[in-house]
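The structure appears below as structure tokens.
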Number of protein chains: 2
Amino acid sequence: MIDELRALKSIKECFKNDSGSVALGIGDDSAAVSFSPGNLVLATTDSQVEGTHFFSKTLTPRVLGRKSVAVAVSDIAAMGGLPRYILVSAGFSGDLDENYLDQLINGFKDAESEFDVKVIGGNLTSSHNTFIDITVLGEVSKANIIKRTGASSEELIFVTGTLGDSFLGLKLLQENLQTDYGHKYLIDRHIYPKPRLSVGKSLGEARLATSMIDVSDGFLLDLSRISQEYGLGAEIILDNLPLSDEYLNYYSKFSEDLYELALSGGEDYELLFTSPSENLEKIMLLADETGIRITRLGSITSNPEIVLFDKKGMKKEITKQGYIHFTK
Amino acid sequence: MIDELRALKSIKECFKNDSGSVALGIGDDSAAVSFSPGNLVLATTDSQVEGTHFFSKTLTPRVLGRKSVAVAVSDIAAMGGLPRYILVSAGFSGDLDENYLDQLINGFKDAESEFDVKVIGGNLTSSHNTFIDITVLGEVSKANIIKRTGASSEELIFVTGTLGDSFLGLKLLQENLQTDYGHKYLIDRHIYPKPRLSVGKSLGEARLATSMIDVSDGFLLDLSRISQEYGLGAEIILDNLPLSDEYLNYYSKFSEDLYELALSGGEDYELLFTSPSENLEKIMLLADETGIRITRLGSITSNPEIVLFDKKGMKKEITKQGYIHFTK
């Protein structure tokens, strides 16, 4: 049983930091913080809801706490920005014990050091099902911000890391398959996503991306959000899709199609961006410097369709674009 | 049935405002906004959870939308600040229809004009029970911020408006009593709270308050948060408690004690603040100017106890302090 006043007290002690840019942290009616003068303030919010995004059975509270912050700061990475402050709003059923809350707090502490952010406020309430809502405040200089809009026809399309691992990991988790190293790798990609903060920031500073988004709802759906949403299309060479060895080993358990899960599985939290072809070399250099794989997938087109080409140069039909709430 | 993509599109169209201080509103990975140079950025988050804070049966979505913003901007008022931007994170069960969402959006539009704020972002997810999480970003000059800490012994204690109405309104709502004007007044105080933005801002600008909090969890509990929390106490003259005529007419339906519901009922969203006695006249003048009643209730003491005195100057026992989640 969680005691709200005791919980708030322990949270306050845990995240106390009224210093530097935090004029007022947890414990007042609102937090008060400062940002670098002249920068734009970035603000985004993301939820993890029990039964929709996670199940307490398969995700420990510590991993959940870290992940809920990781996926939210990924949105700041997708702007070329730097996350700074976190607000946590959480609802729990009264049945949860103090230990659950302590472990969740440890997850937020993990996130604080990993992403160099500070928890400055939050809200705790009782709720039938558990939810965690994270608001991230970040910043970016006006000149370096990378929006979803900005791509032009003939620009190249890039993505960081590999695609589809997270969705495969989720499937393995749901089927309780964690028996070998490959399973563990894919499950980790799902429960322990790595937002591409350094790549995002570097792309912004070097002004190498004309548009960017993080792949959260599935590659094709998120691709449409930087192309079709603005009257553009894309041509994707399927053979270029970056797939991990573990993906190649296990995809066939869940799909007959090599590419389906990479194209439509969600929660990759990789960065998908566009850039004129003259930047290709600089982008590959950036991949070397950051140690994060960056793959060229195809090009933006003026024809507002997304077209996939297979190995033989034949068009391939799209069946499922990505994860959409309420309509599954 | 809510279609997430359609819903997002309609929300985007409804709140589109990439202009002025909003460099980037709804529709990208994160919003990008600016604040007045040199000001502190205020950030607070508050939830309304079905079954905990409201029941769909008794609160229309439009009123819920407005209220969820009202109670969150109240936290900015309590800092002496000005609310600027809103992020909405909401979870709905798939059963809800489009009309519910449209009406909720209308409630947010109501809040935008009433509190002079802009909805700049949000998140929509499916959830077993409905919740709405509001993050407010506001600002205040460093010199004018009013914290919970700052009161000193012998300073006077003030509160705006009247106390206990909201809790009485909730009780009437729960018992489905809405038969006369008095009922309606009290229910309105519950479902249609008025954050004291102008008083809060004026107190900050005139530096008239040494500490401040909004009364959300019950007067006594919130009083302890600006007194006992910092090793101080308070003496309250019960006869001074500001009670509405409607409160006086109906309290006895739910309590044998005239003061109990005013002392411990939550969700008043009035401002509770402290000030040295030499400011008394200025504060009363501010009440006249803003048209908001401000009442002097007693004094801060160095003895870290909250003591209540009745009409005869006798100490009165405290039984229930306020609403605490999980422990009721």
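The values are calculated or read from the model by the stated rules, or taken from the named source; none is laboratory data. Everything quoted here is computed from the prediction, not taken from an experiment. Don't worry about glycine lacking a Cβ; one is built from the backbone with ideal geometry, like all the others, and counts go over all protein chains shown. For accessibility, only protein heavy atoms count, side chains too; no ligands or nucleic acids. Shrake-Rupley method; radii C 1.70, N 1.55, O 1.52, S 1.80 Å.
Only residues that are away from chain B (no Cβ under 14 Å) and under 30 Å from B:ALA23 (Cβ atoms) were counted in the range A:142-190, giving 10. Kindly provide the set of residues from the range B:72-91 that are in contact with a Ser or Thr (Cβ under 7 Å, 6 or more places away or on another chain), aliphatic (A, V, I, L, M) and part of a helix (DSSP H, G or I), ordered by number. B:ALA72, B:ILE76 - these are the residues of the range B:72-91 that are in contact with a Ser or Thr (Cβ under 7 Å, 6 or more places away or on another chain), aliphatic (A, V, I, L, M) and part of a helix (DSSP H, G or I). Of the residues A:ILE187, A:ILE146, A:ILE157, A:ILE191, the single one that is in contact with a Gly (Cβ under 6 Å, 6 or more places away or on another chain) and farther than 30 Å from A:GLU305 by Cα is A:ILE187.
For beta carbons closer than 6 Å, sequence separation of 6+ or different chains, a first residue in the range B:126-138 that is within 11 Å of B:VAL49 (Cβ to Cβ) and among the hydrophobic types (A, V, I, L, M, F, W, C) and a second that is open to solvent by less than 10 Å² (accessible area, probe 1.4 Å) and not in a strand (DSSP E or B), the qualifying pairs are B:ILE132/B:SER68. If only residues of the range A:123-141 that are over 21 Å from the mean Cα position of the chain (by Cα) and closer than 23 Å to B:THR125 by Cα are counted, the one that is farthest from the other protein chains (Cβ to nearest Cβ) is A:LEU124. A residue that is in contact with a helix residue (DSSP H, G or I) (Cβ under 6 Å, 6 or more places away or on another chain), under 28 Å from B:GLY65 (Cβ atoms) and in contact (Cβ under 8 Å) with a residue 12 or more places away in the chain occurs somewhere in the range B:152-162. Filtering A:GLY107, A:GLY65, A:GLY81 for residues that are within 23 Å of A:ASN17 (Cα to Cα), in contact with a Gly (Cβ under 6 Å, 6 or more places away or on another chain) and within 9 Å of chain B (Cβ to nearest Cβ) leaves a single hit, A:GLY81. Against the list (1) outside any loop (DSSP other than H, G, I, E, B); (2) at the interface with chain A (Cβ under 9 Å from one of its Cβ atoms); (3) farther than 23 Å from A:LEU137 by Cα, the condition B:GLY94 fails is (1).
Look at (1) surrounded by fewer than 18 Cβ atoms within 10 Å (Cβ to Cβ); (2) more than 9 Å from chain A (Cβ to nearest Cβ); (3) under 19 Å from the mean Cα position of the chain (by Cα) and you find that B:ASP102 fails only one, number (3).
Within the range B:231-247, the set of residues being over 23 Å from B:TYR185 (Cβ atoms) and either open to solvent by 10 Å² or more (accessible area, probe 1.4 Å) or of a type in the set (Ser, Thr, Tyr) (or both) comprises B:GLY231, B:LEU232, B:GLU235, B:ILE237.
Results for (1) open to solvent by less than 20 Å² (accessible area, probe 1.4 Å); (2) in a loop (DSSP other than H, G, I, E, B), shown as yes or no for each residue.
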| position | (1), (2) |
| --- | --- |
| A:GLU229 | no, no |
| A:ASN249 | no, no |
| A:ASP257 | no, yes |
| A:PHE273 | yes, no |
| A:LEU285 | no, no |
| A:ASP288 | no, no |
| A:GLY298 | yes, no |
| A:PRO304 | no, yes |
| A:ILE318 | no, yes |
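In this structure, is B:VAL73 within 11 Å of chain A (Cβ to nearest Cβ) and closer than 25 Å to B:SER10 by Cβ? When the stated conditions are applied, B:VAL73 passes them. Within the range A:105-139, the set of residues being touching a strand residue (DSSP E or B) at 6+ places or on another chain (Cβ under 7 Å), surrounded by fewer than 20 Cβ atoms within 10 Å (Cβ to Cβ) and in a loop (DSSP other than H, G, I, E, B) comprises just one member, A:ASN129. Taking only the range B:16-28 into account, find how many residues are in a loop (DSSP other than H, G, I, E, B) and either on the phi < 0 side of the Ramachandran plot or among the charged types (D, E, K, R) (or both). Residues that pass the stated criteria total 6.
Report, by residue number, each residue of the range B:73-99 that is open to solvent by less than 10 Å² (accessible area, probe 1.4 Å) and at pLDDT below 95. Within the range B:73-99, B:SER89, B:ALA90, B:GLY91, B:PHE92 qualify. Scoring B:ASP180 on the criteria (1) open to solvent by 40 Å² or more (accessible area, probe 1.4 Å); (2) within 30 Å of B:LEU59 (Cα to Cα); (3) at pLDDT 95 or above leaves a single failure, condition (3). Could you tell me whether any residue of the range B:33-52 is open to solvent by 40 Å² or more (accessible area, probe 1.4 Å), more than 10 Å from chain A (Cβ to nearest Cβ) and of a type in the set (Asp, Glu)? No, the range B:33-52 has no match at all.
Might you check whether a residue that is without any contact (Cβ under 8 Å) to a residue 12 or more places away in the chain and either assigned to a loop (DSSP other than H, G, I, E, B) or farther than 20 Å from B:LEU24 by Cα (or both) occurs anywhere in the range A:7-15? Within the range A:7-15 (the criterion being without any contact (Cβ under 8 Å) to a residue 12 or more places away in the chain and either assigned to a loop (DSSP other than H, G, I, E, B) or farther than 20 Å from B:LEU24 by Cα (or both)), the answer is yes, since at least one residue qualifies.
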